[in-house]
1. Treating the beta-carbon of each Lys and Arg as +1 and of each Asp and Glu as -1, no other charges, what is the dipole magnitude of the chain about its Cα centre, to the nearest 20 debye?
2. Quote to one decimal, in nm, the extra length available between residue 56 and residue 40 on full extension: 0.36 nm per residue of separation minus the C-alpha distance between them.
3. What spacing in nm lies between the two simple spin-label points modelled at residue 47 and residue 17, each 7 Å away from Cα in the Cβ direction?
4. Under the rule a/c < 1.5 gives rounded, and otherwise a/b versus b/c splits prolate from oblate, where does the chain land using the Cα gyration tensor?
5. So for the range 7-73: antiparallel DSSP bridges make up what percent, rounded to the nearest 5?
6. Rank these for me by crowding, 8, 55, going from fewest to most other beta carbons within 10 Å.
7. Return, ordered by residue number, the residues of the range 46-75 whose backbone nitrogen is under 13 Å from a label point located 7 Å along Cα→Cβ of residue 31.
8. Compute the long axis of helix 29-41 from its Cα atoms, compare it with the longest principal axis of the Cα atoms of the chain, and write down the angle in degrees, 0 to 90, nearest 10.
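Each value in this text was obtained by applying a stated rule to the coordinates, not by laboratory testing. For clarity, every value in this text was computed on a predicted model and none was experimentally measured. No Cβ is skipped: glycine too gets one built from the backbone with ideal geometry, and neighbour counts run over all protein chains shown.
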Amino acid sequence: MGDPFDTYREALVVETATVWPEQFDNLGAAEREQIEKRLHAEPAQAAELQYVRLYTGFCRQITVTAADLDRLKHT
């Protein structure tokens with residue numbers, strides 16, 4: 001379970017990271033890049049979001065889920 005979307009932390013995000021579970025190893029690099037861009041463009045919609053505290057702010061970490069991929073296919 002991740003963190004809820006937080007506008008305060010979002011304002012302090014200085015890094016982003018995307019975690020890809022093994023079940024999505026079949027996706028190509030270009031497709032992954034597009035999915036990552038879309039997920040980080042609308043982080044409030046991500047199924048599993050985490051804010052990792054850094055010295056300079058926060059890292060927004062999104063773990064890709066099947067629900068995210070289904071949602072992105074239909075939009």
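1. Numbers: 8 positive and 13 negative charges, 35 e Å.
Around 160 debye, computed over the chain.
2. 3.8 nm
3. Once both label points are built, they end up 2.1 nm from each other.
4. On the way: a/c = 2.00, a/b = 1.70, b/c = 1.17.
Taking the square roots of the gyration eigenvalues as a ≥ b ≥ c, the chain is prolate.
5. On the way: 5 of 11 bridges.
Among the beta bridges of the range 7-73, antiparallel pairing accounts for roughly 45 percent.
6. On the way: 8 8, 55 5.
Listing 8, 55 from fewest to most nearby Cβ atoms yields 55, 8.
7. Taking a point 7 Å out along Cα→Cβ of residue 31, the residues of the range 46-75 whose backbone N falls under 13 Å are 69-70, 73.
8. 40 degrees
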